[in-house]
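Reading through the structure tokens given below for one structure.
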Amino acid sequence: MRLFVRSFIAASLCLTALAVGGLKVGDPPGQQMQTFAESFVSSLDADQKAKAIMPYDSPARIDWHFIPKKSRKGLMIKEMNTAQQTAALRLVRAALSEMGYDKANKIMMNESVLRELEGDNRTWDRDSGMYYVTLFGEPKNEGVWGMSFEGHHLSLNFVCRDGKMVDSTPQFFATNPATIMDEVSGPLGKGTRILKQEEDLAFALINSLSGDTLGTAMIADEAPKEIRFAGEGQPKVGKPEGIPMSDLDASGKKLLQDLVSVYIDAVADDIAKQRRELIEQAGWDNVYFAWAGATKPGIGHYYRVRGNNFLIEFVNTQPDASGNPANHIHAVWRDLTGDFDLPIE
């Protein structure tokens, strides 16, 4: 296990060096993904290709989840050699921003933290190599194909059509512990908070409200145990709840925009720009912020942010692997115009 982690980190560092060196940075994300997908596929043997490649219309394409599983669709990172791992991670990196890739990388490495904290009596393997790459269809300039990168606490899903990335959801990141409170071995040390901004900005916003604005934003005294629509192909949302941005003061509006931007900016810059433009077209004033549960750390809390074309949900109610309360985050960005580039029914 330790040997694999060192190999995985080496592959990640190699990828970072390539990215910083400017490899293919001038190409749009869809073209970068195609280039790196082709390179990844060419590195696989026949048995690996049978696992890694599925038809675009396979039901598995919209079968997503973030819970630990003994098996998943796709080819596991630990079933690849170092060169193949680098090719796979380069493909994932092409779809994400530097910030988004850093989070994904740390979430994978965090499995080693869980393994250490849970010890020999753990239920799950907690293996940093149990993350799966799946391609749906043939990566090419014409037509449509998709890519999934998924494992415990991580589900990233993309669709490319005619050389362009046309969808990048569901986008799910999670971490347990939310804050590493114990001394642990490895690159993620005590005090690490992988999803720090997602939590701190929301706390700052809810704690800036008072009176009627706070009452409007609070939708429940107790936080739900989980995000809604987990594993579903498309969230079936009702009317927006909470407080619209139009009712916030200038500092509240900025906090809400900054919070939404954390989720927007997880993907490649061109795609993040498109996400932001869609919100601007619909109007930031139509974005709603809703909160449930405690307004301080260590007690269960939840929020959602709803726009005309997107939904964010964040929940921190579960204890961490050491038993510290409310130290286990799940956070998701959904596309209300159609996850997986599917039409709304």
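Just so you know, all these numbers are worked out from the coordinates, no wet-lab data involved. Predicted model only: the values in this text are computed from it and were never measured. With ideal geometry, Cβ positions are generated from the backbone for all residues, glycine too; neighbour counts draw on all protein chains shown.
Measure nothing fancy, just the Cα-based angle from helix 196-206's long axis to the longest principal axis of the chain, in degrees from 0 to 90, nearest 10.
Approximately 20 degrees, to the nearest ten.
According to a simple spin-label model (label point 7 Å from Cα along Cα-to-Cβ), what is the distance in nm between S261 and E226?
3.4 nm
Counting just the Cα atoms, what span does segment 79-167 cover along each of its three principal axes? Round to the nearest Å and put the largest first.
Extents along the principal axes, in whole Å: 50, 26, 23.
Which cross-chain or sequence-distant (5 or more) residues have an amide H under 5 Å from the amide H of M218, H modelled 1.01 Å from N in plane?
HN-HN under 5 Å from M218: W291.
How many percent of the alpha carbon pairs in the chain exceed a separation of 25 Å?
When all Cα pairs of the chain are counted, 51 percent exceed 25 Å.
How large is log10 I(q)/I(0) at q = 0.09, 0.12, 0.15, 0.17 Å⁻¹ when the Debye formula is applied to the Cα atoms of segment 196-341, each weighted equally and without solvent?
Values returned for q = 0.09, 0.12, 0.15, 0.17 Å⁻¹ are -0.26, -0.47, -0.74, -0.96.
Roughly speaking, what is the centre-to-centre gap between segment 163-179 and segment 196-263 when only Cα atoms are used, to the nearest Å?
18 Å
Residue by residue, what Karplus-based ³J(HN,Hα) values in Hz, rounded to whole numbers, does segment 154-160 have, using 6.51, -1.76 and 1.60 with θ = phi - 60° and x for Gly and Pro?
My calculation for segment 154-160 gives 8, 8, 10, 9, 9, 10, 10 Hz in order.
On a 0 to 90° scale, report how tilted helix 82-95 is relative to the longest principal axis of the chain, with both axes built from alpha carbons and the result rounded to the nearest 10.
Compared with the principal axis, the helix lies near 40 degrees.
Given labels modelled 7 Å from the Cα in the Cβ direction, how far is it in nm from K273 to N141?
Taking the two extended label points, one gets 2.2 nm.
Which far-off residues, 5 or more places away or on another chain, put their amide H under 5 Å from the one on V166, with H placed in the peptide plane?
Amide H neighbours of V166: V159, C160, R161.
Quickly work out the W124-to-S185 label distance, labels modelled 7 Å from Cα along the C-beta direction, and quote it in nm with one decimal.
2.2 nm
Distance between Cα centroids, segment 321-345 to segment 81-140: provide it in whole Å.
Centre-to-centre distance over Cα atoms comes out at 18 Å.
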